[in-house]
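Shown next, in structure tokens, is the structure this report addresses.
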There are 4 protein chains.
Amino acid sequence: MFDKVLQDIYTESKLQPKIGEIANYIPELANVNPDKFGIYLTSISGEEFGIGDVHERFSIQSVSKALSVALAYSLLGEKIWERVGVEPSGNPFNSLVQLEYEKGIPRNPFINAGALVIADMLITELKNPKEDFLGFIRNCSGIADINFDYKVAQSEKDTGFRNAALANFLKSFGNINNDVDEVLDFYFHQCSIAMSCSELTKTFFFFANQGLTSSGELILNQSQVKRMNALMQTCGFYDESGEFTYRVGLPGKSGVGGGIVALLPKQFIVSTWSPRLNSNGNSELGMYALEQLTTKTGMSIF
Amino acid sequence: MFDKVLQDIYTESKLQPKIGEIANYIPELANVNPDKFGIYLTSISGEEFGIGDVHERFSIQSVSKALSVALAYSLLGEKIWERVGVEPSGNPFNSLVQLEYEKGIPRNPFINAGALVIADMLITELKNPKEDFLGFIRNCSGIADINFDYKVAQSEKDTGFRNAALANFLKSFGNINNDVDEVLDFYFHQCSIAMSCSELTKTFFFFANQGLTSSGELILNQSQVKRMNALMQTCGFYDESGEFTYRVGLPGKSGVGGGIVALLPKQFIVSTWSPRLNSNGNSELGMYALEQLTTKTGMSIF
Amino acid sequence: MFDKVLQDIYTESKLQPKIGEIANYIPELANVNPDKFGIYLTSISGEEFGIGDVHERFSIQSVSKALSVALAYSLLGEKIWERVGVEPSGNPFNSLVQLEYEKGIPRNPFINAGALVIADMLITELKNPKEDFLGFIRNCSGIADINFDYKVAQSEKDTGFRNAALANFLKSFGNINNDVDEVLDFYFHQCSIAMSCSELTKTFFFFANQGLTSSGELILNQSQVKRMNALMQTCGFYDESGEFTYRVGLPGKSGVGGGIVALLPKQFIVSTWSPRLNSNGNSELGMYALEQLTTKTGMSIF
Amino acid sequence: MFDKVLQDIYTESKLQPKIGEIANYIPELANVNPDKFGIYLTSISGEEFGIGDVHERFSIQSVSKALSVALAYSLLGEKIWERVGVEPSGNPFNSLVQLEYEKGIPRNPFINAGALVIADMLITELKNPKEDFLGFIRNCSGIADINFDYKVAQSEKDTGFRNAALANFLKSFGNINNDVDEVLDFYFHQCSIAMSCSELTKTFFFFANQGLTSSGELILNQSQVKRMNALMQTCGFYDESGEFTYRVGLPGKSGVGGGIVALLPKQFIVSTWSPRLNSNGNSELGMYALEQLTTKTGMSIF
């Protein structure tokens, strides 16, 4: 069934005007071909459908935040919410003032401040933080050669003054326990992970499969998975989470590399890649394609 | 099936410590017995389950906003989003500054500023705004004697300086077309509507039934209903929308009268009433009961 | 001595590029000839020097706030600072959020919110508020026919939704005691007062003369006058108070009608009128002329 | 004349209730005896009057900002205002949001963000930044052994995460040219300078003497000094600049070490030291003593 629908969406999407700019704050992201486009869907029953550039790896960037939160949640349970909230953040303009107003507790783990706090937790919990995080992702996906892109990580480190500001600000409130430089190093590596559309659907399989990976390993229990999906639904798309929920109606997570992963619990995981971003930093064509998917199939959580 | 579950939840809920304060900014709300408590569930297949104070009417307050938006949406379609957004609002502290920053376009139709803009739309569109809005609700629910509580409406008008400030502020941006006093009068009446838990589930039936009321009338089409539910999911619980989504995992809407209505598309509509509010203005016990419901049954959208 | 200096400044000022826009939010202000320009200086010793359009009346607008504060201060003393602060307000963007953050206490009496609170005080204290305020000004200046411009006042009332928002917001915090409409009516009349440059220097004579009008009446004592001047220095020019202090170095007050009054204690009062406003709402040419005055004469408070 | 007045003020001040807390964020400041108190006045004509603990050195902290701005201003002239403003900052809560809103241009050079930008300018302009800055101060004061307190500087470095956040945030806007760590190192050393009340009046002599030090060296010209004093008047006391101007009526600068320096142009420089701070971080007793001084003598700029 998905074969025909995805084919139609792909064809229509390619006809859309080319809107949006590629992320260009570091050369490694700016050099990507902006016209790359792919859609990949993996169903819980094991079927896979892909069209376009679905096997080429790209920088998953903030999509990685859903994975770091899942790992921290599996290790620490509800305790993580003592240091980070579960509420959408309003607009970007408010992020710093909110952090001040709310005494250093980021609104949610998907804004950069929250992801830095999660990184700090993982550094404390993991023996070899970067290696262990990579191991977690390889384990979820069953793909052994998923890796950091060290050039991307280094570039972000060289220019990431705003993230350094956030980390220091959090530390001034006592919400970073480890060394600021170590937290930033972990965070920039985490965001630099490269995956393809196909690989993203495999990695996020357990979000749609009640916590079980495709090889049957339990990552999170059913209640935890429900909560992770809820969190992605309200906070997964920066300041456009409401818009994504409104238009697409699936929990998901996007990154400035142009990737989006979304899922319908107990049904499927779908991933898109198109590097042109709208003004909110989300993939323009990716959102279009996913809106078409839920509209044409009537399959959404609502 | 729901019989036993609701009975258990009711029993457990009654044993919870009595936390939270009743809304007391007007005498009409302050005089309600804080220990009132009821849960009512109506399934799409037509079954009904109720326990506790489910037939006593209370002031639905902001629950009415979901209904005024639904009516405006049915009359004007996507055009309504030119004057109000679909994004969660962050914290209350930011509401005014956001309105300024975003040039008088409220973040969503469920914050007061947004509801005032919706009220302004309805005044323009409806011949006899208050009567017609009441007619719409009677029609959705099939209950002919649902009515405004004129004493509540008058009290709110006498003390509603903050809403008057918002309406004037919106008008200064050109986002209120009618007279400020007329908009406030409509808004205060809308919020004063009194319903019981049982009646709420009947009124919101079409949100869970792909847009059709129980008598088969089409209020919104399927795509519109999906979008309304998405909107309630991300914005329906003030600054606790993320928390409600995280804990309960159902789209819904709350009011300071202590009522909550929530729903699982194609399955059921559930309503709770308990006047004690938490610090975010949501019913403490209502949220507890609904969290129990989705946890015990495993029935949520995620 | 001032004769030659003022003549030079006038000549140079007329050669300046015509920068800035006339206030145009109401027709009565928009219809003024933007090239009007005058400078008038009255020394404490009784000498007067004027050049240009110094005897034509214009709408003094916010310049009136210094007079309403002086009257409230003379009637209520330090008590007025329980309801309004003495700190500069930062940028306009913050005004509403500050009001919220600081529980309805405006930062100072020269921002609109503060002026509304002062208006509320005067309504409570004065028997016939508008008439008595006019009488106060006539008394300070010794000019019997100074009056409101009723057309200006009515126009502001018809379009003053932002001030209505502020007044309602203040009332929601309990910092307006009288009826909102009455406060707005007083405020709009106060701002509509028409005076010429010459008349402004006479009205503000007591600010530079240790509290005594030119006819020898004591309006404020020496300590109070010092404090009034201090307040104008830090808060008298909207969000450009620092800039005015930096460039001119005299306490003063401006209005969107294009008027500025400034003074050197025990020396002189000077007034300028030029309706073209810079982006902060202050008279572009007036600020230029006053900067020239203190630079050429070396006479400033610093 | 000042002898008797200062004696009276000293006696009265010692009778005041002991209000306020000593700065305690680093041990070096927390260990100071909170009851230290001194007043020192140096007149332009060369007379000196002192009473209390006027020869004991303390950490001047933010008082140093007036000196770093003076040095940068003397080196770069009006160009410095391209990177930092001259407006008061409103309340502390807004500082970060303003920095964001105003694209990384701090409101004035006395808030920490502004002082960091000034530090960055000095590092670029000076050959040996820390040594040269110390040389500048020794030169202004004529006191050869004024020095940094290296323990204080180190302590601030170890805990100054908020300043590190600010510096990184400024760098993300391109308003820091040098290495963040180097800027912070300079800044923490600058603030650690130790001086006595007596020494402060000598160092700030040129602010009151039209730019000339007591040994006759020209640091700033007359117009520049006027502007420096104007800046201290509107921005010198954190979020209490309006209050200080209102109560005292002299330009000045305070520090969390409990020191205040103020001056009446062409008349005198006065300094106080009392480590107990009010909630705005200004010396409680110091402000009291200075208010008494201008009230008793009638000598203020207004």
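The values are calculated or read from the model by the stated rules, or taken from the named source; none is laboratory data. From a predicted model like this one, the values you see are computed outputs, not experimental measurements. All Cβ positions, even for glycine, are placed from backbone atoms using ideal geometry, and neighbour counts span all protein chains on display. Each accessible area value is taken on the protein alone, full model and side chains, heavy atoms only, with ligands, DNA and RNA left out. Shrake-Rupley method; radii C 1.70, N 1.55, O 1.52, S 1.80 Å.
The table below gives the values:
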{"item": "One residue from D:215, D:300 being at the interface with another protein chain (Cβ under 10 Å from one of its Cβ atoms), in a loop (DSSP other than H, G, I, E, B), on the phi < 0 side of the Ramachandran plot and not β-branched (Val, Ile, Thr)", "result": "D:300"}
{"item": "Residue that is most open to solvent (accessible area, probe 1.4 Å) [pool: residues in segment D:1-29 that are under 30 Å from residue A:172 (Cβ atoms) and in a helix (DSSP H, G or I)]", "result": "D:27"}
{"item": "Meets criteria (closer than 22 Å to residue A:165 by Cα, of a type in the set (A, V, I, L, M) and free of Cβ contacts under 8 Å to residues at least 24 places away in the same chain) for residue A:97", "result": "yes"}
{"item": "Qualifying residue in segment B:258-280 (condition: part of a helix (DSSP H, G or I), open to solvent by less than 10 Å² (accessible area, probe 1.4 Å), over 30 Å from residue B:28 (Cα atoms) and not charged (D, E, K, R))", "result": "no"}
{"item": "Matching option when the condition is modelled with pLDDT of 95 or more, within 14 Å of chain C (Cβ to nearest Cβ) and within 30 Å of residue D:44 (Cα to Cα), among D:63, D:84, D:69", "result": "D:69"}
{"item": "Top-ranked residue of segment C:252-276 - restricted to ones that are over 21 Å from residue C:149 (Cα atoms) and more than 11 Å from the chain's Cα centre (by Cα), ranked as nearest to the other protein chains (Cβ to nearest Cβ)", "result": "C:265"}
{"item": "Output for segment A:189-210, where each listed residue is crowded, with 21+ Cβ neighbours inside 10 Å and without any contact (Cβ under 8 Å) to a residue 60 or more places away in the chain", "result": "A:189"}
{"item": "Residue in segment C:3-14 that is within 30 Å of residue B:101 (Cα to Cα) and out of contact with any Pro (no Cβ under 9 Å at 6 or more places or on another chain) present", "result": "no"}
{"item": "Given (1) more than 14 Å from every other protein chain (Cβ to nearest Cβ); (2) within 19 Å of the chain's Cα centre (by Cα); (3) open to solvent by 20 Å² or more (accessible area, probe 1.4 Å); (4) touching a residue at least 24 places away in the same chain (Cβ under 8 Å), number of the condition residue B:140 does not satisfy", "result": "(3)"}
{"item": "Residue C:99 vs. criteria within 14 Å of chain D (Cβ to nearest Cβ) and either crowded, with 18+ Cβ neighbours inside 10 Å or in a helix (DSSP H, G or I) (or both)", "result": "yes"}
{"item": "Within segment B:225-251, tally of residues that are part of a loop (DSSP other than H, G, I, E, B) and either open to solvent by 10 Å² or more (accessible area, probe 1.4 Å) or at the interface with chain A (Cβ under 8 Å from one of its Cβ atoms) (or both)", "result": "2"}
{"item": "Those residues of segment A:144-183 which are among the β-branched types (Val, Ile, Thr), part of a loop (DSSP other than H, G, I, E, B) and within 11 Å of chain D (Cβ to nearest Cβ), in sequence order", "result": "A:176"}
{"item": "Residue tally, condition within 11 Å of chain C (Cβ to nearest Cβ) and over 14 Å from residue D:16 (Cα atoms), over segment D:277-295", "result": "3"}
{"item": "Close pairs (7 angstrom Cβ cut-off, 6 or more residues apart or separate chains): aliphatic (A, V, I, L, M) in segment A:52-80, part of a loop (DSSP other than H, G, I, E, B) and crowded, with 24+ Cβ neighbours inside 10 Å anywhere", "result": "A:60/A:193; A:60/A:255; A:60/A:257; A:63/A:255; A:69/A:109"}
{"item": "Positions within segment B:63-85 being on the phi < 0 side of the Ramachandran plot and open to solvent by 10 Å² or more (accessible area, probe 1.4 Å), in sequence order", "result": "B:71, B:74, B:75, B:76, B:78, B:79, B:81, B:82, B:83, B:85"}
{"item": "Checking residue C:294 against (1) open to solvent by less than 10 Å² (accessible area, probe 1.4 Å); (2) over 16 Å from the mean Cα position of the chain (by Cα); (3) closer than 20 Å to residue C:73 by Cα, the condition it does not meet", "result": "(3)"}
{"item": "Considering residues of segment B:127-137 that are assigned to a helix (DSSP H, G or I), farther than 19 Å from residue B:220 by Cβ and of a type in the set (D, E, K, R) only, the residue least open to solvent (accessible area, probe 1.4 Å)", "result": "B:130"}
{"item": "Residue match in segment A:30-42 (condition: open to solvent by 10 Å² or more (accessible area, probe 1.4 Å), among the aliphatic types (A, V, I, L, M), more than 14 Å from every other protein chain (Cβ to nearest Cβ) and in a helix (DSSP H, G or I))", "result": "yes"}
{"item": "Close pairs from segment A:278-302: first under 25 Å from residue B:299 (Cβ atoms) and in contact (Cβ under 8 Å) with a residue 40 or more places away in the chain, partner open to solvent by less than 10 Å² (accessible area, probe 1.4 Å) and part of a helix (DSSP H, G or I), Cβ under 7 Å, at least 6 apart", "result": "A:293/A:9; A:300/A:294; A:302/B:229; A:302/B:230"}
{"item": "Subset of segment A:102-126 (residues that are assigned to a loop (DSSP other than H, G, I, E, B) and either surrounded by 24 or more Cβ atoms within 10 Å (Cβ to Cβ) or within 14 Å of chain B (Cβ to nearest Cβ) (or both))", "result": "A:102, A:103, A:105, A:106, A:107, A:108, A:109, A:110, A:111"}
{"item": "Candidate set from segment C:193-212 (those that are touching a Lys or Arg at 6+ places or on another chain (Cβ under 8 Å) and assigned to a helix (DSSP H, G or I)); member that is nearest to residue C:165 (Cα to Cα)", "result": "C:199"}
